[in-house]
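For reference, the structure is listed below as structure tokens.
The values are calculated or read from the model by the stated rules, or taken from the named source; none is laboratory data. All values reported here derive from a predicted model rather than from experimental measurement. Here the Cβ positions follow ideal geometry from the backbone for every residue, glycine too, while neighbour counts run over all protein chains shown.
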Amino acid sequence: MNAVAAQITRQQWIERFAGLGFAAPAFILLVLTNLAPLAALASLSFTNYELGALNFSFVGLKNFSTALHDPVIRRSVTNTLLYVAIVVPGGVLISLFVAILIHQRKRTRSLYEVIYFLPVTSTLIAMATMWQFLLHPTLGLINQTLKGLGFAGTAFLSEPRLAIPTLAAIGIWQLVGFNMVLFLAGLSAIPRDLYEAVDIDGASHPIDRFLKVTWPMLGPTTMFVTVTTFITAFKIFDTVAVMTRGGPGGASEVLLYAIYLEGFQYFHMSYAATLTLVFLAFTLVFSVLQTFILDRRVHY
Amino acid sequence: MRRLVSLALVHAVLIGGAVFMLLPFVFMLTSAIKPPGEIFEATFRLWPRQFYGWQNFESALSTAPLLRFLLNGLIVCGGILVVQLLVAIPCAYALAKLRFPGRPILFSLVLLGLCIPVQAPSLPLYIAFAELGILNTYLSMMMPFFLSVFAIFLFRQFFKSYPDEIIQAARLDGVGEFEIVWRIVVPSAWPAIAAFSIFSVVAHWNDLYWPLIVVSDTKLATPPLGMMYFADSELGSNYGALAAGATIITAPLVIAFLIARRHFIAGITMTGIK
């Protein structure tokens, strides 16, 4: 009896020791690369620190009120939200539509899968450069085709009203394959007899089948895809940095690009910290949702 | 007959979409082998009248250290992945299978970490790296990503379903915890490790934000940053060479995807996060 008890205690000691040892490197890195920087970020936003400054002081909420009245920041937030408002419904619905069409294919399925997925693995910066050529107002293939069809040429990236929608189209182009794969997995998980059941009920029209079976059964997948798409869209940076740099005339300034400029080009560290907090506030609800869904979703 | 029409319609829609998806790839590959005069011709042709591929690739490779960019990408992605796995696997095992003080708090912190976008801590990290004088080093490019809370989270879920009896039996045989992790549990978690590895490499190979911030030395540029320098340089107006450069930058991951298609897709399905 004593020997068993002693063994349990010994095992408990081993588990404590090993557990702490195994978790320690991760914990230290978590503090160094995540928690401490976040605390520093929050404190910075109440100061007037600039990179290289020898002293700085506490300024309270001044940075926040500056941000609130900064036309660049207001524009950046509006533009980011406009971008999100196009990319989220577009990126979710188009990929759902494509997934449903591809799911029913047998011989051609993997071919389409590869084609639609290709943009996900390709380096966006390289592809953005190619899009820039394709969209060139006079020489670009797209405008030449439009002209050939009798339409007027369009300056997609240099027309202020079109800059964000054009970037959004490229954003959707990059996202569709990724979301499609998630939807395809969701579609495969729908039991066939559900469709047979609605067929018996006389609802054999594809739209009936979609509304009665596919859409409700895909609910959790759609929710997850929507949330991740929102987070990805909100982080738009690459295409702006390469293709428009916020132009023309600030028409494509977005939040992450504004943070990049303030923090790492102008070195207004405290102001950039404030903007990062604004950025965090916008994404937080969705990040929490994503984590919550992930916690229920990942299972084997 | 109606079936046939609807089938044709479905393929028409899918092919239309496929053309849009492939457009920049086709344009890139064809421009890379065209002489400057042919790239922006009004009628698009797949094959040039005059094959100019050698000249384009040659001038791309001689003006920008493209192969160096690829090597940098390999070093940075490889370094990040190795440390991520070495740190996350034991921690995930501890969270899944060991009872130790602070475990619930640590797991809450992991969940909290999942909610924080990578761009959030970048400002303080940059200041710290600048103070330490380690900007423009491989370490500064990799360090912020050494800890992947997502890896811990994913592996923990995977390890939780590993049978306790096997671990107990190994313990009774006198196998230490360290060996249990690396020689017994890890081999069974191969699908999760493969999925995470693909996720990690794709994310960091294509990341522009952080390298753009910490690197100003062209020699250290990762593929996307190198591509940006390249497009900004005077060669940016040599469209054929630029397309050739873009081909070289894009090729490794796309080829890897075409070879290991199933693993990529399984990986995305399992991780489902960017």
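Looking only at the stretch B:58-95, count how many residues are charged (D, E, K, R) and either over 30 Å from B:TYR239 (Cβ atoms) or without any contact (Cβ under 8 Å) to a residue 40 or more places away in the chain (or both).
Of the residues in the stretch B:58-95, the ones charged (D, E, K, R) are B:58, B:68.
Imposing the further condition that a residue be either over 30 Å from B:TYR239 (Cβ atoms) or without any contact (Cβ under 8 Å) to a residue 40 or more places away in the chain (or both) reduces the set to B:58.
Count: 1.
Would you confirm, using the coordinates I've provided, whether B:ALA64 is more than 20 Å from A:LEU294 (Cα to Cα) and crowded, with 19+ Cβ neighbours inside 10 Å? Full working, then the answer.
Numbers: more than 20 Å from A:LEU294 (Cα to Cα): yes; crowded, with 19+ Cβ neighbours inside 10 Å: yes.
So B:ALA64 passes the test.
Taking the residues in the stretch A:45-67 that are assigned to a helix (DSSP H, G or I) and under 26 Å from the mean Cα position of the chain (by Cα) as candidates, determine which candidate is modelled with the lowest pLDDT.
A:ALA67
On the basis of being within 26 Å of B:ALA42 (Cα to Cα), facing chain B (nearest Cβ under 8 Å) and out of contact with any helix residue (DSSP H, G or I) (no Cβ under 7 Å at 6 or more places or on another chain), does A:LEU139 make the cut?
Details: within 26 Å of B:ALA42 (Cα to Cα): yes; facing chain B (nearest Cβ under 8 Å): yes; out of contact with any helix residue (DSSP H, G or I) (no Cβ under 7 Å at 6 or more places or on another chain): yes.
Yes: the conditions hold for A:LEU139.
State the number of residues belonging to the stretch B:177-222 that are over 17 Å from B:TYR162 (Cα atoms) and within 12 Å of chain A (Cβ to nearest Cβ).
Final tally of qualifying residues: 22.
Does B:PRO36 count as modelled with pLDDT under 85 and on the phi < 0 side of the Ramachandran plot?
Working: modelled with pLDDT under 85: yes; on the phi < 0 side of the Ramachandran plot: yes.
Yes, satisfied.
Within the stretch B:175-196, work out how many residues are within 14 Å of the chain's Cα centre (by Cα) and surrounded by 18 or more Cβ atoms within 10 Å (Cβ to Cβ).
Total satisfying the criteria: 2.
To keep it simple, each residue is scored yes or no on (1) on the phi > 0 side of the Ramachandran plot; (2) touching a Ser or Thr at 6+ places or on another chain (Cβ under 6 Å); (3) aromatic (Phe, Trp, Tyr); (4) surrounded by 21 or more Cβ atoms within 10 Å (Cβ to Cβ).
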residue	(1), (2), (3), (4)
A:ARG10	no, no, no, no
A:PHE17	no, no, yes, no
A:GLY21	no, no, no, no
A:ALA26	no, no, no, yes
A:LEU30	no, no, no, yes
A:ALA39	no, no, no, no
A:PHE46	no, no, yes, no
A:GLY52	yes, no, no, no
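Out of the helices (runs of 4 or more DSSP H) lying entirely within the stretch A:157-209, which hold 2 or more residues that are closer than 17 Å to A:ALA85 by Cβ? It would help to see each step written out before you state the result.
On the way: elements: A:160-188, A:192-200, A:206-209.
Hits in the stretch A:157-209: A:160-188.
Residues that are within 22 Å of B:PRO24 (Cα to Cα) and free of Cβ contacts under 8 Å to residues at least 40 places away in the same chain: find the helices (runs of 4 or more DSSP H) completely inside the stretch B:187-249 holding 3 or more of those.
Numbers: elements: B:190-205, B:209-214, B:223-232.
Correct list: B:223-232.
Let's see how each residue does on (1) modelled with pLDDT of 95 or more; (2) in the same structural domain as B:MET141 (by TED's automatic domain parsing):
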residue: B:ASP173; (1), (2): no, yes
residue: B:PHE178; (1), (2): no, yes
residue: B:ILE184; (1), (2): no, yes
residue: B:PRO191; (1), (2): no, yes
residue: B:SER197; (1), (2): no, yes
residue: B:ASN206; (1), (2): no, yes
residue: B:TRP210; (1), (2): yes, yes
residue: B:GLY245; (1), (2): no, no
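When you go through A:ILE28, A:ILE86, A:ILE73, A:ILE14 one by one, which is the residue that is aliphatic (A, V, I, L, M) and facing chain B (nearest Cβ under 7 Å)?
Details: A:ILE28 fails: facing chain B (nearest Cβ under 7 Å); A:ILE86 fails: facing chain B (nearest Cβ under 7 Å); A:ILE73 fails: facing chain B (nearest Cβ under 7 Å).
Within the list A:ILE28, A:ILE86, A:ILE73, A:ILE14, the selection yields A:ILE14.
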